[in-house]
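Novice: Sharing a structure below in structure tokens format, with a few things to ask.
Every number in this text was worked out from the coordinates using simple rules, so none of it is lab data. Given the structure is predicted, the values throughout are model-derived calculations rather than measurements. Cβ: placed from backbone, ideal geometry, glycine included. Neighbour counts: every protein chain shown.
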Amino acid sequence: AKRTRTINSNITDNIMYTNGADITIQNSWNMRNPPPGPNVPTPPPVDANGITSVGNIEYFEPDFNPYTKLKGVEHAAKVFIQDKATINLDNGSDSDINVMGIDPYDFGQVAWYRNDLFKPYHINSYLNLLSSESSSCLISRAISDSNGIKVGDSISVSYNSHEPIILNVYGIISNWPTMNK
């Protein structure tokens, strides 16, 4: 019975870790002037009014408040995920990088993780690092090792032909909610 319980716990933990939270919802942004056909570009970061554009296409960020008011919701967090980003390096680039943009406080309220996965520091220590500077980022140990990137380095990240974003590496992590690599 103990072995069965361990297998069930590992399966449950893996599902929770993969999703990153109790519930995840993906919403679509509204567009004005959409292009014909299926090749709609992913919206870049928004301005202060929740509007952004790619060419003549304008995207409007959907209202997040209805999700925070759903019955039973104690905390909610917006998470931006781009799975086809590129890190531009002096000696080339590394593509198909997964990028996650978060509000560290909200993310910390909803993210699921096992405490034993974050050693030597608790996940809140990493979230505090991200809170200290808007251009800060954490990178995976795999990206660090394969590209020689270290804490203190600046990296340039781009996706979908958008202007590169310069980020400063504040930490290198081996685990993160939803990161199964």
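Novice: Quick one: which residues, 5 or more positions from VAL73 or on another chain, have an amide H under 5 Å from its amide H? H modelled 1.01 Å from N in the peptide plane, none for Pro or chain starts.
Specialist: none
Novice: What translational diffusion coefficient, in µm²/s and rounded to a whole number, does the Stokes-Einstein relation yield for region 76-152 at 4 °C and a viscosity of 1.567 mPa s, taking the hydrodynamic radius as the Kirkwood radius over Cα pairs? Walk me through the numbers on the way to the answer.
Specialist: Details: Rh = 14.0 Å.
Using the Kirkwood radius from Cα pairs, D works out to 93 µm²/s.
Novice: Could you calculate the contour length gain from ILE25 to ASP145, that is, 0.36 nm times the residue separation minus the distance between their Cα atoms, to one decimal place in nm? Write out the running numbers ahead of the final one.
Specialist: On the way: separation 120, 0.36 × 120 = 43.20 nm, distance 3.26 nm.
Result for the pair: 39.9 nm of gain on full extension.
Novice: Related question: Please give the length that would be gained between GLU74 and SER174 if that part of the chain were fully extended, namely 0.36 nm times their separation in residues minus their C-alpha to C-alpha distance (nm, one decimal).
Specialist: Values: separation 100, 0.36 × 100 = 36.00 nm, distance 2.85 nm.
Stretched out fully, the GLU74 to SER174 stretch lengthens by 33.2 nm.
Novice: List the trypsin sites (Lys or Arg not before Pro) within region 61-170 that DSSP assigns to loop and that have no more than 11 neighbouring Cβ atoms inside 10 Å. Spell out each step's value before the answer.
Specialist: On the way: sites: LYS69, LYS71, LYS78, LYS84, ARG114, ARG141, LYS150; in loops: LYS69, LYS71, LYS78, ARG114, LYS150.
Filter output for region 61-170: LYS69, LYS71, LYS150.
Novice: What is the distance in Å between the Cα centres of region 75-140 and region 141-181?
Specialist: Each part's Cα centre sits 9 Å from the other's.
Novice: In nm, to one decimal, how far is the ASN124 label point from the ASN88 one, both placed 7 Å along Cα→Cβ?
Specialist: Rounded to a tenth, the inter-label distance reads 3.9 nm.
Novice: What is the distance, in nm, between label points placed 7 Å from the Cα along the Cα-to-Cβ direction at GLU61 and at GLU163?
Specialist: The modelled label-to-label distance comes out at 1.7 nm.
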